[in-house]
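Beneath this line is the structure, given in structure tokens, with notes to follow.
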Amino acid sequence: MWGTKDQVDNFVNQALAKWGSVDIAVNNAATSIHFGPLLTADDGQLDKMFDTNLKSCLRVCKSVLPHMQEQGGGKIINISSVAGLRPGFNLGVYSITKAGINMLTQILAKELGQYNIQVNAIAPGIIKTKFSQSLWESEILMKEVEQRTPLKPMGSPEDVVGAALYLASAASDWVTGTILVVDGGATVATNF
């Protein structure tokens, strides 16, 4: 599994060797290996999802922190999900881990602001990727999503790029602890 402390530290050290600094860290690792009622998830599924979705993100933050402190600042961008804001249907474990990302973002924003490190998250809706293929291939689900989404029912990776560029740029230097929702308006249009 990717994301052990040694793997993360090695990755950060490689970035330092190549570029000399770590100015921006984007945490985008995720898995969703359990679909169904929350209490039907077994310990192996829980462990893998918490380790990949939440603990690996924390490990990256811990690994880049001393380098960002030393250089006088940096930006950490965590990729969350709208499922971390409101429970996703049959996505209980995934929703909990993404809610954890949101809280981790806000706690670290509060703790790391003194070092000029901004910590924010992006919470996408359904984005057309291989990861979400089972969702967007479902005609029934997509018909429902289409009915409740003011803009197009499904985004593309490019729809998230602008948010990431903003949070990585100097334009967001006074923004921290924010969960930036990129979902075509779905979360404001319904209680899903």
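Just one of the numbered conditions (1) aromatic (Phe, Trp, Tyr); (2) without any contact (Cβ under 8 Å) to a residue 60 or more places away in the chain; (3) closer than 22 Å to GLY125 by Cα is not true of TYR94: (2). Between ASN102, ASN78, the distinction of being of a type outside the set (Ser, Thr, Tyr), under 11 Å from the mean Cα position of the chain (by Cα) and surrounded by fewer than 22 Cβ atoms within 10 Å (Cβ to Cβ) belongs to ASN102 only. Summed over the range 159-192, residues that are among the aromatic types (Phe, Trp, Tyr) and not in a helix (DSSP H, G or I) total 2. With respect to (1) in a helix (DSSP H, G or I); (2) over 23 Å from ALA171 (Cβ atoms); (3) in contact with a Leu (Cβ under 9 Å, 6 or more places away or on another chain), the lone exception for CYS61 is condition (2).
When the residues of the range 62-112 are narrowed to those that are under 17 Å from VAL182 (Cβ atoms) and β-branched (Val, Ile, Thr), which ends up modelled with the lowest pLDDT? Filtering first and then ranking leaves VAL82. Candidates in the range 15-53 are the residues that are charged (D, E, K, R) and under 18 Å from SER81 (Cβ atoms); of these, the one that is surrounded by the fewest Cβ atoms within 10 Å (Cβ to Cβ) is LYS48.
Among residues that are out of contact with any His (no Cβ under 8 Å at 6 or more places or on another chain), closer than 19 Å to ASN28 by Cβ, without any contact (Cβ under 8 Å) to a residue 12 or more places away in the chain and not hydrophobic (A, V, I, L, M, F, W, C), GLU158 is included.
Scan the range 170-190 and give yes if some residue there is of a type in the set (D, E, K, R), under 16 Å from the mean Cα position of the chain (by Cα) and over 22 Å from ALA25 (Cα atoms), otherwise no.
Within the range 170-190, one or more residues are of a type in the set (D, E, K, R), under 16 Å from the mean Cα position of the chain (by Cα) and over 22 Å from ALA25 (Cα atoms).
Among the residues of the range 67-80, is any among the hydroxyl-bearing types (Ser, Thr, Tyr) and free of Cβ contacts under 8 Å to residues at least 60 places away in the same chain? Within the range 67-80, not a single residue is among the hydroxyl-bearing types (Ser, Thr, Tyr) and free of Cβ contacts under 8 Å to residues at least 60 places away in the same chain. Taken over the range 124-148, the criterion of being outside any helix (DSSP H, G or I) and at pLDDT below 75 is satisfied by ILE127, LYS128, THR129, LYS130, PHE131, SER132, GLU137, SER138.
I'm told ASP51 meets every condition in (1) touching an Asp or Glu at 6+ places or on another chain (Cβ under 6 Å); (2) over 21 Å from LEU165 (Cα atoms) except one. Can you identify the failing condition by its number? Only one criterion in (1) touching an Asp or Glu at 6+ places or on another chain (Cβ under 6 Å); (2) over 21 Å from LEU165 (Cα atoms) is unmet by ASP51, namely (1).
Can you confirm whether GLU111 is out of contact with any strand residue (DSSP E or B) (no Cβ under 9 Å at 6 or more places or on another chain) and surrounded by fewer than 21 Cβ atoms within 10 Å (Cβ to Cβ)? If you could, list the steps in order and put the result at the bottom.
Details: out of contact with any strand residue (DSSP E or B) (no Cβ under 9 Å at 6 or more places or on another chain): no; surrounded by fewer than 21 Cβ atoms within 10 Å (Cβ to Cβ): yes.
Taking the combined requirement at face value, the residue does not satisfy it.
Among the numbered conditions (1) part of a helix (DSSP H, G or I); (2) of a type outside the set (Val, Ile, Thr); (3) farther than 23 Å from GLY125 by Cβ; (4) in contact with a Gly (Cβ under 9 Å, 6 or more places away or on another chain), the only one that PHE50 does not meet is (3).
The values are calculated or read from the model by the stated rules, or taken from the named source; none is laboratory data. Not measured: the values here are computed from a predicted model. For neighbour counting, all protein chains shown are included, and Cβ atoms are generated from backbone atoms with ideal geometry for every residue, glycine included.
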